[in-house]
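Asker: This structure is in structure tokens; I'll ask about it shortly.
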Amino acid sequence: MKSKLRTMFSHYQEPLYIGAFSSCIGNSVHEISELNRLSEDEKLLDFLTNMGLHQYRSSEMSPAQLAYESAKNTITKSGLEPSDIDAVIYVTESLWCTEWYSTDHNHLLEKLHLENSYMIGTFLRGCSNIHTALRIASNMCITNETSNVLIITSDQAENDDLRLVPPNIGVTSDGAASFILSKSVEISEFRILCNSQSAIPSMYKLDESVQYMKFMKCIGDGLSACVNRCTDETKIMLNDMKYFVMNNYNKSVVNMFSSIIEASEEKFVTDNISRYGHCYSSDNVLNIMHLIENNNISSGEMIMNISSGPASWGSSILVKE
């Protein structure tokens, strides 16, 4: 599907690398049937279960505490000194936790010995925030403002009644993930080749239960605009991708996305849907980590990284070093 929707796009000619991936996921495991909304709606429960959802994770730790545990491991894995990290990009939509953006973020920097790092937060684009973070960090490195940027994504449901992802397509888990974006080849799990983003703000006016066809057309336009821009500008074909990673909603969403961009559904990473459900913007990092930990990707092979949030999308191409 081709689209004329405007996209923000960057094709990185200068080498930029990402690596030292880590995560901290809630350690309390629950069956999705334990949620009140699903226990009262057997039809919806059956649908989500048949589409691969089984469990979600909760945590007693705050978003900042989850972020600390993940980021601490990322810094250790990277081999960098805290003083080598110039900036931190914090990705969240858990703005109900007011302590985070009033005091906790400074405490986090201090605990990680990142007193000289400047922190930037991004939250507006929901679960496609990861691509905003990639854009900010990449541009900071390209302009020589920074050499190493720590990217952290951390979220937590305010309560269990808010775990269902509208429009009833997933169940959220509490968790954090993190990695380093760097100009140094020493941080080189992957090289990032490009980054594309699009949004359709007018979607907020659509009621998907009444205007389903218009709603689906917007999703198709936004997603295909990002993906097509990446392939058109880099001259890399979708068939060249070893895997596709995206947010962990459910397998019917994977089927829809693969159909929109005309890619093989079998290449989409879906193993974490049943184990974690939807960990907000951490999904993409968790799925990349899954590929690395299971030795499923080799040097030179490529991944298309796709994210989607409320009326917004992102895509990037990563090549394994």
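The values are calculated or read from the model by the stated rules, or taken from the named source; none is laboratory data. All figures in this text were calculated on a predicted structure; none of them were measured in a lab. Note: ideal-geometry Cβ built from the backbone for every residue, glycine included; neighbour counts use all protein chains shown.
Asker: In region 75-84, is there at least one residue being more than 27 Å from N195 (Cα to Cα), out of contact with any Asp or Glu (no Cβ under 9 Å at 6 or more places or on another chain), assigned to a loop (DSSP other than H, G, I, E, B) and in contact (Cβ under 8 Å) with a residue 12 or more places away in the chain?
Answerer: Checked region 75-84: no residue is more than 27 Å from N195 (Cα to Cα), out of contact with any Asp or Glu (no Cβ under 9 Å at 6 or more places or on another chain), assigned to a loop (DSSP other than H, G, I, E, B) and in contact (Cβ under 8 Å) with a residue 12 or more places away in the chain.
Asker: Restricting attention to region 215-237, report how many residues are more than 21 Å from G126 (Cα to Cα) and basic (K, R).
Answerer: The first filter runs over region 215-237 and keeps only residues more than 21 Å from G126 (Cα to Cα), leaving 228-237.
Applying the additional criterion that residues be basic (K, R) yields 229, 235.
Of the residues in region 215-237, 2 are more than 21 Å from G126 (Cα to Cα) and basic (K, R).
Asker: Would you check if E208 is farther than 30 Å from A157 by Cα, touching a residue at least 40 places away in the same chain (Cβ under 8 Å) and either out of contact with any Ser or Thr (no Cβ under 8 Å at 6 or more places or on another chain) or crowded, with 24+ Cβ neighbours inside 10 Å (or both)? Lay out the reasoning, then the answer.
Answerer: Numbers: farther than 30 Å from A157 by Cα: no; touching a residue at least 40 places away in the same chain (Cβ under 8 Å): yes; either out of contact with any Ser or Thr (no Cβ under 8 Å at 6 or more places or on another chain) or crowded, with 24+ Cβ neighbours inside 10 Å (or both): yes.
Here the answer is no, as E208 does not meet what is asked.
Asker: Something else: Kindly provide the set of residues from region 72-93 that are under 17 Å from G175 (Cβ atoms) and modelled with pLDDT of 95 or more, ordered by number. Before the answer, list the steps.
Answerer: Our first condition is that a residue be under 17 Å from G175 (Cβ atoms); within region 72-93, this holds for 72-74, 90-93.
Those that are under 17 Å from G175 (Cβ atoms) and modelled with pLDDT of 95 or more: K72, N73, T74, Y90, V91.
Asker: Got at least one residue in region 261-274 being acidic (D, E), surrounded by fewer than 19 Cβ atoms within 10 Å (Cβ to Cβ), outside any loop (DSSP other than H, G, I, E, B) and more than 17 Å from the chain's Cα centre (by Cα)? Spell out how you get there, then give the answer.
Answerer: Filtering region 261-274 down to residues acidic (D, E) leaves 262, 265-266, 271.
Narrowing further to those that are surrounded by fewer than 19 Cβ atoms within 10 Å (Cβ to Cβ): 262, 265-266, 271.
Next, only the ones that are outside any loop (DSSP other than H, G, I, E, B) stay: 265-266, 271.
Still in the list and also more than 17 Å from the chain's Cα centre (by Cα): 265-266.
Yes; the residues of region 261-274 include at least one that is acidic (D, E), surrounded by fewer than 19 Cβ atoms within 10 Å (Cβ to Cβ), outside any loop (DSSP other than H, G, I, E, B) and more than 17 Å from the chain's Cα centre (by Cα).
Asker: Does E99 count as closer than 29 Å to Q197 by Cβ, among the acidic types (D, E) and assigned by TED's automatic domain parsing to the domain that holds G175?
Answerer: On the way: closer than 29 Å to Q197 by Cβ: no; among the acidic types (D, E): yes; assigned by TED's automatic domain parsing to the domain that holds G175: yes.
No: the conditions fail for E99.
Asker: Ok, one more. For region 134-153, what are the residues that are closer than 22 Å to M304 by Cα and either touching a residue at least 60 places away in the same chain (Cβ under 8 Å) or in the same structural domain as F215 (by TED's automatic domain parsing) (or both)?
Answerer: The answer is L134, R135, S138, N139, C141, I142, V149, L150, I151, I152, T153.
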